[in-house]
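Participant: Take a look at this one; I'll ask things after.
The values are calculated or read from the model by the stated rules, or taken from the named source; none is laboratory data. All values derive from a computational prediction rather than experimental measurement. Positions of Cβ are generated from backbone atoms using ideal geometry, with glycine treated the same way; all protein chains shown enter the neighbour counts. The area values use the complete protein model at the heavy-atom level, side chains included, leaving out ligands, DNA and RNA. Shrake-Rupley method; radii C 1.70, N 1.55, O 1.52, S 1.80 Å.
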Amino acid sequence: MPDYFSVQDKVAIVTGGLGQLGSQFSKQLAENGAKVAIYARRDRTQDEVEAQFPGLSDRIRVYKSDVKDKDSLIAATECVIADWGVPNILVNNAGIDSKPDGAADQNAPFEIYPKKYWDDVIETNLTGCMLCSQVIGTKMAEAGKGSIIMVGSMYGMVSPNQALYAYREERDGQPFVKAISYAASKSGLLNMTRYLATYWAKKGVRVNLVTFGGVKTGSFDKEFIDAFLERVPMGRQAEIEEFGPIVQFLGSDASSYMTGANLVLDGGFTSW
């Protein structure tokens, strides 16, 4: 019987594919036979690629590109097509959020939240996905095939629970508010997914969203983790290895009749 979950010899583009989540998606696809083009803002040598992805450097290449710069996306995509052919898979992963340890005004109350941070997050997380989908998805539509995978967040479905961050003000002596920009950008992906799924449905391009919950990274305060886990029915954070297989599923023929969907992997957080 055919292996419907196979991505063997498929060409995949992963934006932000060197980061924490992106590297897991890149590794998952390459280990299962895909040719993976990582779009990153800085060039990497193949030796650097080998160091980050041992044994996979023959299947992973890095192309310099910025998701906010359409010209750079066009140039990188033309290189990918020349090297490997028209992409079969696009993982719209590149994204940013306000930094918990960043400048205080990045996490300021909404009433005084600076527009510059809003602009930066929206331009990267939402406009960047639109531009990547426009440049790469158009090539897919012309070829009559392709799967676009949007990387979302549970904060695109529900509002951040500000009570989870209340300990910061008690500890640091200044308000800490999870900013509106990240939630707004990820929420926008919900309808961008539906729009593109219906727009390209008859041209063979599927578009789906994966909504992820909290993943174990070791970079969060214990106070936050304890409060967060009380609100997760499964009582734990995700292991990062649990996120890769869903991307492979959406890139494979196993999901050939799925488009416009939102797959939620959050341990049940948004079910309460």
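Participant: Considering only residues that are more than 18 Å from the chain's Cα centre (by Cα) and either within 15 Å of SER185 (Cα to Cα) or modelled with pLDDT of 95 or more (or both), which ones fall in region 83-108?
Facilitator: Step one: filter region 83-108 for residues more than 18 Å from the chain's Cα centre (by Cα), giving 83-86, 100-108.
Listed by number, the residues that qualify are ASP83, TRP84, GLY85, VAL86.
Participant: Are any residues in region 241-272 at pLDDT 95 or above and of a type in the set (A, V, I, L, M, F, W, C), and if so, which ones?
Facilitator: PHE243, ILE246, VAL247, PHE249, LEU250, ALA254, MET258, ALA261, LEU263, VAL264, LEU265, PHE269
Participant: So, one more: How many residues are modelled with pLDDT under 95 and open to solvent by 60 Å² or more (accessible area, probe 1.4 Å) if we restrict to region 171-194?
Facilitator: Residues flagged as modelled with pLDDT under 95 and open to solvent by 60 Å² or more (accessible area, probe 1.4 Å) within region 171-194 amount to 5.
Participant: So LEU164 fits all but one of (1) within 22 Å of VAL205 (Cβ to Cβ); (2) open to solvent by less than 40 Å² (accessible area, probe 1.4 Å); (3) in contact (Cβ under 8 Å) with a residue 60 or more places away in the chain; what number is the exception?
Facilitator: If we test LEU164 against (1) within 22 Å of VAL205 (Cβ to Cβ); (2) open to solvent by less than 40 Å² (accessible area, probe 1.4 Å); (3) in contact (Cβ under 8 Å) with a residue 60 or more places away in the chain, just (1) comes out false.
Participant: Could you please let me know if LYS27 is over 30 Å from ALA166 (Cα atoms), part of a loop (DSSP other than H, G, I, E, B) and under 17 Å from the mean Cα position of the chain (by Cα)? Before you say what the answer is, go through the steps one by one.
Facilitator: Numbers: over 30 Å from ALA166 (Cα atoms): yes; part of a loop (DSSP other than H, G, I, E, B): no; under 17 Å from the mean Cα position of the chain (by Cα): yes.
Answer is no for this residue.
Participant: Conditions: (1) more than 30 Å from LYS178 (Cβ to Cβ); (2) hydrophobic (A, V, I, L, M, F, W, C); (3) in contact with a helix residue (DSSP H, G or I) (Cβ under 9 Å, 6 or more places away or on another chain). ALA75 meets all but one. Number of the miss?
Facilitator: Every condition holds for ALA75 apart from (3).
Residues checked against (1) outside any helix (DSSP H, G or I); (2) modelled with pLDDT of 95 or more; (3) buried (at least 24 other Cβ atoms within 10 Å of the Cβ):
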| position | (1), (2), (3) |
| --- | --- |
| VAL14 | yes, yes, yes |
| LEU21 | no, yes, no |
| TYR39 | yes, yes, yes |
| ARG42 | yes, no, no |
| GLU48 | no, yes, no |
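Participant: When region 241-259 is examined, which residues are found to be open to solvent by less than 30 Å² (accessible area, probe 1.4 Å) and either under 30 Å from TYR167 (Cα atoms) or among the small types (Gly, Ala, Ser) (or both)?
Facilitator: Within region 241-259, PHE243, GLY244, GLY251, SER252, SER255 meet the criteria.
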